[in-house]
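Contents: one structure, followed by commentary.
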2 protein chains.
Amino acid sequence: MRLYNSGVHARFLVPGTYGRGDEIDLPDEEARHLSRVLRLGSGAVVRVFNGQGDEFSAIVTRATKSGAAIRIDAPHATVSEPRVAMTIAHAVLKGDKMDDVVRDVVMMGAAAIQPMVTTRSEVTLPALDRGHRRERWERVAASSVKQCGRAVLPRILPPVSLDEVIDALRRVTLGQPALMLVEPSANTSVQSLADLDSIPPREATLLVGPEGGWTTEEVERAAAVCRLIRLGERTLRADAMATIAIAALFTRWGEY
Amino acid sequence: MRLYNSGVHARFLVPGTYGRGDEIDLPDEEARHLSRVLRLGSGAVVRVFNGQGDEFSAIVTRATKSGAAIRIDAPHATVSEPRVAMTIAHAVLKGDKMDDVVRDVVMMGAAAIQPMVTTRSEVTLPALDRGHRRERWERVAASSVKQCGRAVLPRILPPVSLDEVIDALRRVTLGQPALMLVEPSANTSVQSLADLDSIPPREATLLVGPEGGWTTEEVERAAAVCRLIRLGERTLRADAMATIAIAALFTRWGEY
């Protein structure tokens, strides 16, 4: 069994600016993973990336109970990022389902995730704040970039309401075009993906609703700044919708 | 919260041939679900479908501890099936992961699922048989068709080896074209989805490997009867690959 499909060496995320010859300490959690989980010692060859697109080979120079250090070696080829920088504005789902959404859209290549509270969300912005959910999603995203081989760590934006997302689209502080995914039962006119320009845009925003769907009024309001899309006639699991929509959009835009 | 996104009434799966006015007993499991979980009684309006594309409104005529019966009413409009009848030949994954694959590819609209054992599968055909895994996947598929709104229950084919799948493709007893999903790291020439004919075929077979991927030799053997496709440069979770590939192919074929 291969632990790391994308290569033979373990990958560690160490934010910052560094280059060949630098010796750097690993963050605590990465050091624990190196020495206690993977049981690597001095001399082991690993990979390190800074979450901003730089990746290097590195050699473990210290691995003790109190921490680990590596010496940066040659730059390493990175997995290229998708041409379309997609922001996924996703309604926060129930329980831990949002963790799975974050994990999967990071794996798909999302540039940023905008957690959102909508009319039918079963959670409030203050509750997300109290639960330190954004920090949790940042850890989930970091774990996912390591697994999927990306060298770029997508940003988790501070949770906001759908209204704020609509405002941001109006002010073009979120990428355009914006596409709102509506349910098969939504009584509204939608565009086929074939109607979308096949030339990939530089940026895009995808809006995905909660388990209970959007209200009619939400769809109407968003339609002023979004195109409405639908993915077939079957009802999709709420936590799989973003992944499926990204796959479809990437295909339309020649990414696959 | 809406329990059934695809409509207001609970849906029950009752195989067989029946029509308006017929009074039929629900299978035990469906009867339990009706009376104990949903707590429906005589007079409740429900929906019933036979798994072969027929769906009806129905009225509960009996709901007791020992069983439940319904009287079939008018035919009900069904969710249309995808134009391309896709068979998903999927390597059996570890633990319960295959349950999730079955659930999700049924939701996506797969016509059939062909469980497969490959070189890097961590399970054998006799072990699948002893574990009654096919029967389990049939239950998962039945549950998924009810949730996603389909009126057709996809077949779960008896598990076979990859060699048998390749033979079946050669003898055209599995739908063509056949597409084998290979990993980003696979050192082989793949086709872009844009190279596929955009006219939807009537049938198609998608081959998806296990967690550890295909062996080089497996890819070479399959390449005689399959086109190789790849979905971006990021390493995808094994249990999400089929869903992502179906979304991409459906987009290419104008289904979305």
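The values are calculated or read from the model by the stated rules, or taken from the named source; none is laboratory data. Predicted model, so just to flag it, every value in this text is computed and none were measured. Neighbour counts are summed over all protein chains in view; Cβ atoms, including those assigned to glycine, are modelled from backbone coordinates with ideal geometry.
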Practice task
May I ask you to verify whether B:VAL105 is of a type outside the set (S, T, N, Q), surrounded by 15 or more Cβ atoms within 10 Å (Cβ to Cβ) and within 18 Å of the chain's Cα centre (by Cα)?
Solution key: yes
Exercise for the section: Among the numbered conditions (1) modelled with pLDDT under 95; (2) out of contact with any Phe, Trp or Tyr (no Cβ under 8 Å at 6 or more places or on another chain); (3) within 30 Å of A:ALA245 (Cα to Cα), tell me where A:THR87 comes up short. Expected result: (1)
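Looking only at residues in segment A:76-101 that are β-branched (Val, Ile, Thr) and in contact with an Asp or Glu (Cβ under 9 Å, 6 or more places away or on another chain), which one is surrounded by the most Cβ atoms within 10 Å (Cβ to Cβ)? Before you say what the answer is, go through the steps one by one.
Our first condition is that a residue be β-branched (Val, Ile, Thr); within segment A:76-101, this holds for A:78-79, A:84, A:87-88, A:92, A:101.
Those left that are additionally in contact with an Asp or Glu (Cβ under 9 Å, 6 or more places away or on another chain): A:78-79, A:84, A:87, A:92, A:101.
Working: A:THR78: 17, A:VAL79: 21, A:VAL84: 22, A:THR87: 25, A:VAL92: 22, A:VAL101: 27.
The residue in question is A:VAL101.
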Practice task
Report whether or not A:ALA63 is assigned by TED's automatic domain parsing to the domain that holds A:LEU206, in contact with a helix residue (DSSP H, G or I) (Cβ under 6 Å, 6 or more places away or on another chain) and more than 21 Å from B:ARG237 (Cα to Cα).
Solution key: no
Fill in the blank from the handout: Going through (1) of a type outside the set (Asp, Glu); (2) away from every other protein chain (no Cβ under 14 Å); (3) in contact with a Cys (Cβ under 7 Å, 6 or more places away or on another chain) one by one, B:TRP137 fails only at (3)
Exercise for the section: Having 3 or more residues that are within 13 Å of another protein chain (Cβ to nearest Cβ) and of a type outside the set (Val, Ile, Thr) is the bar; report the helices (runs of 4 or more DSSP H) wholly within segment A:161-256 that clear it. Expected result: A:241-252
Problem - Given (1) in contact (Cβ under 8 Å) with a residue 60 or more places away in the chain; (2) over 25 Å from B:ALA151 (Cβ atoms), number of the condition A:GLY213 does not satisfy - result: (2)
Practice task
With respect to A:ASP239, determine if the residue is of a type in the set (Asp, Glu), assigned by TED's automatic domain parsing to the domain that holds A:ILE156 and in contact (Cβ under 8 Å) with a residue 24 or more places away in the chain.
Solution key: yes
Problem - Hey, B:SER80 outside the structural domain of B:ALA247 (by TED's automatic domain parsing) and under 30 Å from B:ARG237 (Cβ atoms) or not - result: yes
Practice task
Kindly indicate whether B:ALA127 is without any contact (Cβ under 8 Å) to a residue 40 or more places away in the chain and in a helix (DSSP H, G or I).
Solution key: yes
Practice task
Can you run down the residue pairs with Cβ atoms below 6 Å, 6 or more apart or on separate chains, where the first is in segment B:41-62 and among the polar types (S, T, N, Q) and the partner is assigned to a loop (DSSP other than H, G, I, E, B) and surrounded by 14 or more Cβ atoms within 10 Å (Cβ to Cβ)?
Solution key: B:SER57/B:HIS76
Practice task
Would you check if there is a residue in segment A:69-80 being among the β-branched types (Val, Ile, Thr) and within 14 Å of another protein chain (Cβ to nearest Cβ)?
Solution key: yes
Exercise for the section: Could you check segment A:1-110 for strands (runs of 3 or more DSSP E) lying wholly inside it with 1 or more residues that are within 30 Å of A:GLU122 (Cβ to Cβ) and of a type in the set (Val, Ile, Thr)? Expected result: A:85-91
Problem - Single residue of B:VAL60, B:VAL48 found to be within 24 Å of the chain's Cα centre (by Cα) and among the β-branched types (Val, Ile, Thr) - result: B:VAL48
Problem - Total residues in segment B:44-75, condition surrounded by fewer than 16 Cβ atoms within 10 Å (Cβ to Cβ), in contact with a strand residue (DSSP E or B) (Cβ under 9 Å, 6 or more places away or on another chain) and among the polar types (S, T, N, Q) - result: 2
Problem - Filter result (in contact with a Cys (Cβ under 8 Å, 6 or more places away or on another chain) and either modelled with pLDDT of 95 or more or closer than 28 Å to A:THR235 by Cβ (or both)) within segment B:206-236 - result: B:LEU207, B:ARG234, B:LEU236
Problem - Qualifying residue in segment A:144-156 (condition: over 30 Å from B:LEU231 (Cβ atoms), at pLDDT 95 or above and surrounded by fewer than 17 Cβ atoms within 10 Å (Cβ to Cβ)) - result: no
Practice task
Scan segment A:18-29 and give yes if some residue there is within 24 Å of B:ARG234 (Cβ to Cβ), in contact with a Ser or Thr (Cβ under 8 Å, 6 or more places away or on another chain) and surrounded by 14 or more Cβ atoms within 10 Å (Cβ to Cβ), otherwise no.
Solution key: no
